[in-house]
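Student: Before we start, here is the structure in question, set down as structure tokens.
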Amino acid sequence: MRSYLILLMCFLFLIQYFANISWLGYMVVSMALVAFIASAIKATGFPRIIAIIMMGTGMLIELNKGTGLEGISQGILMILPLLCLVTFAPLLSLPLKLGGYFQSVDLLLRNLLHHPRKLFAGITATLFILSPILSLGSVRIINEFLTDLKLPKAMSAKSYLIGFSTAVMWSPYFASVSLVLYYLGMPVGTYILYGIGLSFLSLFIGNVLFFLWERRHPFGRSIVPEKKLEKKHQNQLLQLALFVVVLMGSSLTIEYLTKWSMIVIVSIISITLPFVWGLVTNGWKRLNPTLIQFRDQSVPMMNNEIMLFMSAGLLAHAIQGTNFANLVSEYLTVIANQSFLLFALAVMMIVLVVTYIGIHQIAVVAALAMQLSADELGISNLALAMLLLLTWSISSALSPFSGLNLMVSRIVGISGVETGLRANGLHLSILAVLGIGIIIMIN
């Protein structure tokens with residue numbers, strides 16, 4: 001029943017986006033609040049506690065500001081596009097699963113076991129390609145492939161975080177990029193090449209550091225005999241990369257032609273792609289069970305995402321315009337007018353501190369994106385977007401409470417602090433320094 005509520009809420013929001021009917025907007029907000037309560041009942045542990053705190057704080061701030069129910073409704077409506085994206089995005093993986101592409105990825109990685117540096121590059125590159133489509137599911141899939149290979153824990157922690165966190169900086173199919181550019185009013189097409197540049201920089205730094213690490217911690221094991229990858233699997237890997245390119249190209253083209261929000265475009269593509277695949281391949285019999293599984297298993301498992309995204313989004317909207325937010329904005333504006341470097345370090349420090357204690361990136365980064373004005377700061381909108389997304393990516397890897405860090409630390413079997421700070425602290429520090437340097441040059 002809860003899955004039907006969430007799916008109906010998302011479909012009605014997409015209708016509301018184009019129809020702009022007031023009463024339908026309030027109806028969608030009411031359904032969102034019910035979905036939040038239902039998810040909070042099912043969820044457990046720290047995510048539920050922090051989500052309830054953020055939601056309650058956001059509501060209290062809106063009431064204290066005098067905006068009341070209208071402010072709460074606006075805050076939830078602003079985050080609903082993101083909820084649609086995270087709900088429908090898993091549908092993109094269905095054609096890949098049914099097409100056998102993941103088997104080719106498995107064989108490629110196993111074939112690279114004899115070459116640790118190539119294996120590390122293969123893992124990070126594969127996550128770079130798959131993460132925009134599968135989100136955190138990409139880490140789970142890669143780990144399933146590699147579980148019986150018994151890789152060193154440090155290697156797994158490094159490769160998973162480095163490979164996945166790159167998508168946070170460039171992919172329009174990710175909450176980070178869609179949300180920041182949405183609030184800054186910047187087309188994805190204007191930003192995406194710069195985001196990909198930061199991602200490649202992160203991959204380069206990570207692989208160079210692993211090269212140096214592996215020289216001090218050599219390992220070499222052969223669980224499967226090395227053999228040349230069959231032509232069939234080589235073609236499937238090429239098709240997989242081409243699939244991502246076509247997906248991104250289609251999204252950017254639609255955005256350029258229609259000027260719709262990229263979050264809405266991605267949601268529509270996610271819904272239509274499986275049905276287009278079924279029509280082209282005549283694979284309805286294979287597709288139907290996966291759609292049912294998505295409805296009955298994938299959607300109900302989104303408790304944490306619905307709670308954290310909705311509560312963090314409302315809190316970010318509520319903070320906007322408060323005395324505290326204005327004070328922070330004025331402080332950052334003064335710093336920016338003196339030195340962009342100090343401004344960048346201040347923004348990064350604020351985000352890292354807040355997220356390290358458990359507040360979701362959406363709350364703090366979205367609040368900064370809504371509150372800060374590039375013109376008042378004396379910087380370009382592009383530089384501000386790059387800084388916020390670079391900071392989001394670093395905090396996702398570093399914070400022991402982020403979804404990425406929690407998953408990787410649980411998979412690898414080490415603490416979140418070890419996963420983020422010890423295994424990847426040097427990489428993240430170098431990325432921060434070089435990334436800020438590049439942004440300064442662009443600005």
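The values are calculated or read from the model by the stated rules, or taken from the named source; none is laboratory data. Keep in mind that this is a model prediction, so the values were computed, not measured. Neighbour counts are summed over all protein chains in view; Cβ atoms, including those assigned to glycine, are modelled from backbone coordinates with ideal geometry.
Student: Collect the residues in region 287-323 that are loosely packed, with under 15 Cβ neighbours inside 10 Å and in contact (Cβ under 8 Å) with a residue 40 or more places away in the chain, keeping them in residue-number order.
Tutor: Arg295, Asp296, listed by residue number.
Student: Would you kindly identify the helices (runs of 4 or more DSSP H) lying entirely within region 1-104 that contain at least 3 residues that are in contact with a Phe, Trp or Tyr (Cβ under 8 Å, 6 or more places away or on another chain), in contact (Cβ under 8 Å) with a residue 12 or more places away in the chain and under 24 Å from Ser270 (Cβ atoms)?
Tutor: 68-88, 93-98
Student: If you take the residues of region 135-157 that are in contact with a Lys or Arg (Cβ under 9 Å, 6 or more places away or on another chain) and either among the aromatic types (Phe, Trp, Tyr) or crowded, with 24+ Cβ neighbours inside 10 Å (or both), which of them is nearest to Gly100 (Cα to Cα)?
Tutor: In this case the residue turns out to be Phe145.
Student: Answer with yes or no whether Gln371 is crowded, with 18+ Cβ neighbours inside 10 Å and without any contact (Cβ under 8 Å) to a residue 60 or more places away in the chain.
Tutor: Here the answer is yes, as Gln371 does meet what is asked.
Student: Right, something else. Going by the structure shown, is Ile414 in contact (Cβ under 8 Å) with a residue 60 or more places away in the chain, of a type in the set (Val, Ile, Thr), out of contact with any Asp or Glu (no Cβ under 9 Å at 6 or more places or on another chain) and more than 22 Å from Ser199 (Cα to Cα)?
Tutor: yes
Student: Restricting attention to region 365-385, does a residue exist that is assigned to a helix (DSSP H, G or I) and among the hydroxyl-bearing types (Ser, Thr, Tyr)?
Tutor: no
Student: Just the residues that are over 24 Å from Glu230 (Cβ atoms), part of a helix (DSSP H, G or I) and among the basic types (Lys, Arg), please, taken from region 106-155.
Tutor: Answer for region 106-155, where residues must be over 24 Å from Glu230 (Cβ atoms), part of a helix (DSSP H, G or I) and among the basic types (Lys, Arg): Arg140, Lys153.
Conditions tested, residue by residue: (1) of a type in the set (Lys, Arg); (2) within 30 Å of Ser261 (Cβ to Cβ).
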{"position": "Ile142", "(1), (2)": "no, no"}
{"position": "Lys153", "(1), (2)": "yes, no"}
{"position": "Leu161", "(1), (2)": "no, yes"}
{"position": "Ser171", "(1), (2)": "no, yes"}
{"position": "Phe174", "(1), (2)": "no, yes"}
{"position": "Gly185", "(1), (2)": "no, yes"}
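Student: From the list Tyr160, Tyr173, which one is outside any helix (DSSP H, G or I), of a type in the set (Ser, Thr, Tyr) and either in contact (Cβ under 8 Å) with a residue 24 or more places away in the chain or surrounded by fewer than 21 Cβ atoms within 10 Å (Cβ to Cβ) (or both)? Before you say what the answer is, go through the steps one by one.
Tutor: On the way: Tyr160 fails: outside any helix (DSSP H, G or I).
Testing whether each residue is outside any helix (DSSP H, G or I), of a type in the set (Ser, Thr, Tyr) and either in contact (Cβ under 8 Å) with a residue 24 or more places away in the chain or surrounded by fewer than 21 Cβ atoms within 10 Å (Cβ to Cβ) (or both) leaves just Tyr173.
Student: So which residues in region 89-123 are of a type outside the set (A, V, I, L, M, F, W, C), at pLDDT 85 or above and over 26 Å from Met262 (Cα atoms)?
Tutor: Matches in region 89-123: Pro116, Arg117, Lys118, Gly122.
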